[in-house]
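A short write-up of the structure that comes next.
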Amino acid sequence: MSETTTATTATASSIRNYIVYRTVASGAEGVGYVLNSILWDGTSTFNPGTGLALALDADGAYPIGSTYTAPTATTTATAATAATTGSAT
């Protein structure tokens with residue numbers, strides 16, 4: 001008996017943990033409030049919704065209910081390409 005496996009575009013090594021957090025306060029949930037944790041390949045289409053953003057959380061440092069502080073934009077020459085490194089918006 002033989003088994004057949006099907007390869008997928010996203011490999012296990014490319015799927016990583018991301019958090020969904022608030023960029024706009026809503027009710028008792030302030031800016032940075034972590035709403036969800038998802039596994040995502042980082043390339044397929046995912047829209048977190050209005051007032052929300054994604055950030056890579058490879059170490060699982062931000063559980064649901066915690067507060068994430070997004071990196072701030074810098075004014076250096078490299079900022080044009082990496083102003084928000086750390087968020088996948």
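No value in this document is a laboratory result; all are computed from the given coordinates. In this text the structure is predicted, and so the values were computed from the model without any measurement.
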Handout entry: Segment ILE15-LEU39, length gained on full extension (0.36 nm per residue, minus Cα span)
Key = 8.0 nm
Completion exercise
The alpha-carbon pair-distance distribution computed for segment 14-69, with 10 angstrom bins and whole-percent values, is 27, 55, 17, 1
